[in-house]
1. Residue check, residue 286 against (1) β-branched (Val, Ile, Thr); (2) touching a Leu at 6+ places or on another chain (Cβ under 8 Å); (3) open to solvent by less than 60 Å² (accessible area, probe 1.4 Å), all met but one. Which one?
2. Inspect segment 277-286 for any residue being closer than 21 Å to residue 72 by Cβ, at pLDDT 95 or above and part of a strand (DSSP E or B) and give the result as yes or no.
3. Does residue 255 fit the bill of being buried (at least 24 other Cβ atoms within 10 Å of the Cβ) and assigned to a helix (DSSP H, G or I)?
4. So which residues in segment 147-183 are touching a strand residue (DSSP E or B) at 6+ places or on another chain (Cβ under 9 Å) and among the hydroxyl-bearing types (Ser, Thr, Tyr), if there are any at all?
5. Find the residue count for segment 7-35, including only residues that are surrounded by 12 or more Cβ atoms within 10 Å (Cβ to Cβ) and modelled with pLDDT of 80 or more.
6. For the subset of segment 70-101 comprising residues that are touching a residue at least 40 places away in the same chain (Cβ under 8 Å) and hydroxyl-bearing (Ser, Thr, Tyr), which member is surrounded by the fewest Cβ atoms within 10 Å (Cβ to Cβ)?
7. Tally time: how many residues in segment 148-157 are open to solvent by less than 40 Å² (accessible area, probe 1.4 Å), touching a residue at least 40 places away in the same chain (Cβ under 8 Å) and outside any helix (DSSP H, G or I)?
Amino acid sequence: MKKPAFALAALTVILAANAAWSQDIQKQSQDEALRARLPQEIRDAGKMIAVNNGSFPPYEIVTGTELTGATKDISTAIGELLGISIDHASVAGLPALLSGINSGRYQFAMGPVGDYPDRQKANDFVDWAREYVVFAVEKGNPSGITSLDATCGKRIAVMAGGSAEKVIKEQSKKCTDGGHSAVEVQSFTDQPSSILAVRSKRSDAFFSSQAPLTYFVQQANGQLELAAVGQANGFKDIYQGAVVKKDSPLGGVLLDSFTILIKNGTYAQIMKKWGLENNMIGTPGINQGQ
């Protein structure tokens, strides 16, 4: 998957910063009890395939076929606990990710993917992060997007099939019901394409999770800023997590793996390495989204 040049430049910057990180992520000892709970076919294969839907920095940074970011570090640690390797595959968009898991083509997604009740019908979510949804806008916020209500008549970029797309479409209906212009919803399959639309002035804002938007703003050389921070913006408490097929035994295995990583300090080490300390949770859980 080819990424815009600015995304590759941003990747270079953050990798350089991480090279200065003086403390390596601690290696995990294999947990025999956890490994024994894996399905036999996974133990026989010695690996699992985790699927992602493109770059979601700083969790997932996809360059070609290579994955870096907090998700990769966590995947490596969990693979060590389970005594297997975790390979990574990319698909275009969240719907393709979820269908790939449900069809059995991929064992799971490490994510984090937003945990919502409608998604829990077909999948289980092992929550390991908290998130907030805000806007990335041009520096100075010339379109005046200060809240969700201020998006009427604006061009708003979102990730296709994501929860922000659903919320902004609902907001567009509220706009027209109130006699205002509809929101022009622009759906993209990945984060770099969405943020590029704002930087090239084809979109007035990108509506998405605060952690990746913070990352993109930091890499934009003063061209972007966050807007509508500290507001609900159409969402309740947002949990994000790994995704498995409904009632898969992998859900419990991943949950207990995260519990171990939290207790031994590896989880905090990884999250802080990638600037995600404000997205940490104290206790992982399954299907906590409401």
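The values are calculated or read from the model by the stated rules, or taken from the named source; none is laboratory data. No experiment lies behind these values; they were computed from the predicted model shown. Counting neighbours? That spans all protein chains shown, and the Cβs are built from the backbone with ideal geometry, glycine included. Remember, those area values only see protein heavy atoms, side chains included, never the ligands or the DNA or RNA. Shrake-Rupley method; radii C 1.70, N 1.55, O 1.52, S 1.80 Å.
1. Among (1) β-branched (Val, Ile, Thr); (2) touching a Leu at 6+ places or on another chain (Cβ under 8 Å); (3) open to solvent by less than 60 Å² (accessible area, probe 1.4 Å), the lone unmet condition for residue 286 is (3).
2. No, because not a single residue in segment 277-286 is closer than 21 Å to residue 72 by Cβ, at pLDDT 95 or above and part of a strand (DSSP E or B).
3. Working: buried (at least 24 other Cβ atoms within 10 Å of the Cβ): no; assigned to a helix (DSSP H, G or I): yes.
In short, no.
4. 147, 151, 163, 172
5. Total satisfying the criteria: 7.
6. Step one: filter segment 70-101 for residues touching a residue at least 40 places away in the same chain (Cβ under 8 Å), giving 70-71, 73-74, 76-78, 80-84, 87, 89-98, 100-101.
This time we only want the ones that are hydroxyl-bearing (Ser, Thr, Tyr), so: 71, 76, 90.
Numbers: 71: 26, 76: 16, 90: 18.
Filtering first and then ranking leaves 76.
7. Total satisfying the criteria: 2.
For every residue, the table says whether it meets (1) among the β-branched types (Val, Ile, Thr); (2) open to solvent by less than 40 Å² (accessible area, probe 1.4 Å); (3) touching a Gly at 6+ places or on another chain (Cβ under 8 Å); (4) on the phi > 0 side of the Ramachandran plot.
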position: 242; (1), (2), (3), (4): no, yes, yes, no
position: 247; (1), (2), (3), (4): no, no, no, yes
position: 263; (1), (2), (3), (4): no, no, no, no
position: 277; (1), (2), (3), (4): no, no, no, no
